[in-house]
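The values are calculated or read from the model by the stated rules, or taken from the named source; none is laboratory data. If you're wondering where the values come from, they're calculated on a predicted model, not measured in any experiment. Counting neighbours? That spans all protein chains shown, and the Cβs are built from the backbone with ideal geometry, glycine included. Surface areas here come from the heavy atoms of the whole protein model, side chains and all, with no ligands, DNA or RNA. Shrake-Rupley method; radii C 1.70, N 1.55, O 1.52, S 1.80 Å.
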Amino acid sequence: MTSTFFRRIFILLIITISFPVLNAQDYKYEIGGMAGGAFYMGDANKGVIMKGLNPSLGGVFRYNANFRWALKADLLWAKVSGNTKGLDNVFPFSEDLSFSQNLFELGGQAEFNFLPYSDKYAYMNTSRITPYLLAGLGFTVATGEDKTFAGINIPLGIGVKYKLKERINLGCEFSFRKLFGDGLEGNEKLKDPYNIKSSIWKNKDWYSCLLFFITWDFGPRSQPCNNANSISGY
């Protein structure tokens, strides 16, 4: 019985000593890059997913509030294009039209992890892989051969992230960007071809992104100092 008692005390001491070290390995921030593809949905593409997929690149910064919630900022470039040739709907103009635009986005999103995300703290049932939801607000500028478009977007999407090793994260996400304006194409004939009065959902353009990312953790969480000097006020 005595040996069992001392063994439990020893294990408790090891856990107590190790906990600050483990906690110091938990990081608040991530920074990294992302790459993938983007496509447009609007008058020249009513609902075909991945049609006219073009490249997309960007940078990402994430603040991990806890295991479940994160706040993310992104700076994104993407190319979108479209063509009216072969579409079933009939346009008032007779010729086929095409466009190609460069998008620049600055945005922020909140992310909710379905599982508590970490490669440590197994006693808290954490997981090094988790799916997540994202939603937020952004600002988009699109430039091309014709007119420049600028407007607010609302991103909504899903993703999955994986802790490859300490401080390195891999992930993939798919999101829709809802624009509050029609004219992403940069072409006046495609801006409102049917002269339909716009509403919050009707006659507005969208673009979507499929992105893969890699990020690096930094910024260890600060720990209260238990040093005797700090307690005594020195």
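In table form, for the structure just shown:
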read-out	value
Residue match in segment 143-156 (condition: among the basic types (K, R), closer than 28 Å to D182 by Cβ and modelled with pLDDT under 95)	yes
Residues being more than 12 Å from the chain's Cα centre (by Cα) and charged (D, E, K, R) - total across segment 51-68	2
Test for L137: is it surrounded by fewer than 13 Cβ atoms within 10 Å (Cβ to Cβ) and modelled with pLDDT of 95 or more	yes
From D146, D182, residue being open to solvent by less than 70 Å² (accessible area, probe 1.4 Å) and either closer than 17 Å to A70 by Cβ or not polar (S, T, N, Q) (or both)	D182
Residues (at pLDDT 55 or above and under 23 Å from M50 (Cβ atoms)) located in segment 191-216	K204, D205, W206, Y207, S208, C209, L210, L211, F212, F213, I214
Selection from segment 153-188 of residues that are part of a strand (DSSP E or B) and among the charged types (D, E, K, R)	K161, K163, K165, E173, R177, K178
Near pairs, Cβ below 9 angstrom, 6+ apart or cross-chain, from segment 100-126 (farther than 17 Å from L76 by Cα and open to solvent by 80 Å² or more (accessible area, probe 1.4 Å)) to any residue that is among the aliphatic types (A, V, I, L, M) and assigned to a strand (DSSP E or B)	F114/L133
